[in-house]
Amino acid sequence: MIDGTAMKTGKIGLTALGIMAWASALFSASSTDFKRLYNPIIQQVAAKHGVDPELVDAIIRAESNYDNFALSEKGAMGLMQLMPETASQYGVGNVFNAAQNIEGGTKYLKDLIKLYNGQTKLVLAAYNAGQEAVRRYGGRIPPYQETRDYISRIMAKYSKPLTRSNRAVVKVRTASGGTLLTNDPDIARSKNIDN
């Protein structure tokens with residue numbers, strides 16, 4: 001007969017073994033495995049916002065290589081490496097929630113596509129270096145080596161010079177006095193719209 005202590009110890013041992021097996025599988029998973037895991041979310045969100053899912057995939061690969069818990073030195077987080085302010089502006093409450101991160105990143109990407117008339121390289125430059133950097137350099141790709149390398153890496157896999165989005169972008173004033181570009185009609189209705 002087995003006493004209660006032995007049963008509990010056995011259950012704890014099996015639980016620990018299960019966790020170790022799961023962790024081992026997680027760490028040995030490749031970015032291709034994670035792409036398969038997140039692809040349904042990418043397809044759904046990209047279709048919802050009219051953004052090419054191949055572009056979303058290329059950005060995720062370049063930004064985090066499908067590491068949902070990626071953190072950059074500059075503070076960008078999650079699959080699409082959203083900065084805290086961008087995440088907040090696009091309604092992402094938990095940057096490490098893959099669905100929220102992809103949703104927010106894709107909405108931001110859609111706004112950049114509209115802002116730069118679908119010019120993929122400018123969209124990528126703004127996604128990497130920020131809209132202000134592109135503006136500062138007269139609507140051209142900033143001369144930052146990191147940004148140029150980023151664009152080259154993505155364009156090697158996503159070679160479409162133009163990409164399109166099918167929703168209008170509006171400029172709204174935030175409560176703090178800043179400006180936000182959005183394609184979300186709910187956000188646009190709740191803010192003061194600048195024309």
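Here are the numbers for this structure:
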read-out: Every residue from the range 129-161 that is aromatic (Phe, Trp, Tyr), open to solvent by 70 Å² or more (accessible area, probe 1.4 Å) and either within 16 Å of SER72 (Cβ to Cβ) or in contact with a Lys or Arg (Cβ under 9 Å, 6 or more places away or on another chain) (or both); value: TYR144
read-out: Test for ASP184: is it modelled with pLDDT of 90 or more and either small (Gly, Ala, Ser) or under 20 Å from the mean Cα position of the chain (by Cα) (or both); value: no
read-out: Qualifying residue in the range 101-118 (condition: of a type in the set (Ser, Thr, Tyr) and open to solvent by 60 Å² or more (accessible area, probe 1.4 Å)); value: no
read-out: Residues that are in a helix (DSSP H, G or I), open to solvent by less than 40 Å² (accessible area, probe 1.4 Å) and in contact (Cβ under 8 Å) with a residue 60 or more places away in the chain, drawn from the range 58-99; value: ALA58, ILE59, ALA62, ALA98
read-out: Residues of the range 34-57 classified as among the charged types (D, E, K, R), surrounded by 13 or more Cβ atoms within 10 Å (Cβ to Cβ) and part of a helix (DSSP H, G or I), total; value: 4
read-out: Among (1) closer than 11 Å to LEU109 by Cβ; (2) at pLDDT below 95, the one test that LYS74 misses; value: (1)
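The values are calculated or read from the model by the stated rules, or taken from the named source; none is laboratory data. The model shown is predicted, which means the values in this text are computed figures rather than measured ones. Note that each Cβ is placed from the backbone with ideal geometry, even for glycine, and that neighbours are counted across all protein chains shown. Surface accessibility is based on the protein's heavy atoms, side chains included, excluding ligands, DNA and RNA. Shrake-Rupley method; radii C 1.70, N 1.55, O 1.52, S 1.80 Å.
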